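Here is the structure we will look at.
The values are calculated or read from the model by the stated rules, or taken from the named source; none is laboratory data. Predicted model, so just to flag it, every value in this text is computed and none were measured. As a convention, Cβ positions derive from the backbone with ideal geometry for all residues, glycine included, and neighbour counts pool all protein chains shown. Just the protein is used for accessible areas: all its heavy atoms, side chains included, with ligands, DNA and RNA removed. Shrake-Rupley method; radii C 1.70, N 1.55, O 1.52, S 1.80 Å.
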Amino acid sequence: MQAAPPHHRLAYALIFITPALWCVNYLVARWAPGVVEPNTLAFGRWFVAALLLGAFTAPELLRQRGVLRAQWRRFIILGALGMWICGAWVYIAARTTTATNIALIYSVWRVLIALASVLWLREPFTPLLALGVALALAGVVHVIIKGQWAALGGVQWVPGDLWIVATTCAWSGFAVLQRRWPMPLSAAAHLCAVSVGGLVVLAPFTLWELAQAGQPALGAQAYGLMLLAGICPGAAAFWCYSYVQRQLGVARASSQLYLGPLYGAAMAWLFLGEPVGWHHAMGAALILPGIWLVSRSGAGKPLANAADPAARPRSGPSGPA
């Protein structure tokens, strides 16, 4: 049997590495309280990511400056959803919830994209899709209420879990809007432009935070978290996912979806000392098959970018921002 080419072997290895890069953001979120404020951290993260992406896509962005001028409002809207809400709000959530909960709840974004595609793009709501949605959403509720179905009325709701539910909905809207707003940009150039749009939205919130009395002063630890978030779950995770998709195709690249919640729980236990309870295990046992069924149904799949020879999805990496 002929050995796989070296670039294919690298792509298969990256399938297992990329989810870990995305999950670094959950660790950053839990390390940030008392060090740097949420909007400031999100601004720093996407500033670093925009610089890295811009270094590789500047010629294309310059050629497409007419598109950027014509569509600037869309980049602002996408930036508000993907970089402000799905950035700063995650860091707000981490003040009161765990990294494990964030990883599990956020993992259902693929399910919500499928639902949004049914509602906005008129895709069919098949029985397979319905079953997948039901399982995934039941798993999320199970995690949020810590498995206390019998005492549902007395459950103490954690604000952070609700913040994450809101960010998951925003990410789904972010992904669907990109399908409705196709642009002649490669995935990397598109993400860079959206990042700049997000920085515009984040700037006033960041300045407001910095002006508040009693806020932690920005120091080496704060800048380190910004750099870590900008490189690992920002530019590096994006590049790795794009490479896997170019070499192995969308289906194999999407298999990373199922590793995210597992990596998130393992990294939270290893680096943060967060315990993993039975409600997490049961939630994952519902969420992961639900995501698989939704993926099998074909609803909400990304569209190929005709301007990109690699046919990458317009929405960029199939993972949370």
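Quick one: grab the alpha carbon gyration tensor of segment 1-125, order the square roots of its eigenvalues as a ≥ b ≥ c, and give me rounded if a/c is under 1.5, else prolate or oblate depending on whether a/b is larger than b/c.
Details: a/c = 1.21, a/b = 1.05, b/c = 1.15.
Judged from the Cα gyration tensor, segment 1-125 comes out rounded (a/c under 1.5).
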| When only C-alpha pairs under 8 Å and at least 6 residues apart count, what is the relative contact order of segment 34-164, in percent? | 33 percent
| With θ set to phi - 60° and the Karplus curve 6.51 cos²θ - 1.76 cosθ + 1.60, what are the ³J(HN,Hα) couplings of segment 25-33 in order, to the nearest whole Hz, using x for Gly and Pro? | 4, 5, 5, 4, 4, 7, 7, 6, x
| request: Starting from the Cα gyration tensor of segment 171-269, take the square roots of the eigenvalues, sort them a ≥ b ≥ c, and report rounded, prolate or oblate (rounded when a/c is under 1.5, otherwise prolate if a/b is larger than b/c, else oblate). | output: oblate
| field | Solvent accessible area, Å² - Met282, 1.4 Å probe, full protein context | value | 90 Å²
| message | Place a point 7 Å from the Cα of Ala134 along the Cα-to-Cβ direction; which residues of segment 280-294 have their backbone N under 13 Å from it? | response | 290
| field | segment 1-85, dipole about Cα centre (Lys/Arg Cβ +1, Asp/Glu Cβ -1), debye to the nearest 20 | value | 280 debye
| task | Can you tell me the order of 158-168, 219-229 when each peptide is scored by its average per-residue count of other Cβ atoms within 10 angstrom, highest first? | result | 158-168, 219-229
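For the full complex of protein chains and a 1.4 angstrom probe, list Trp239, Trp84 by accessible area with the highest value first. Could you put the intermediate results ahead of the total?
On the way: Trp239 130, Trp84 55 Å².
The ranking, largest first, comes out as Trp239, Trp84.
Taking square-rooted eigenvalues a ≥ b ≥ c of the alpha carbon gyration tensor, is segment 155-221 rounded, prolate or oblate, where a/c under 1.5 means rounded and, failing that, a/b exceeding b/c means prolate? Working shown, then result.
On the way: a/c = 2.88, a/b = 1.31, b/c = 2.19.
Verdict is oblate for segment 155-221.
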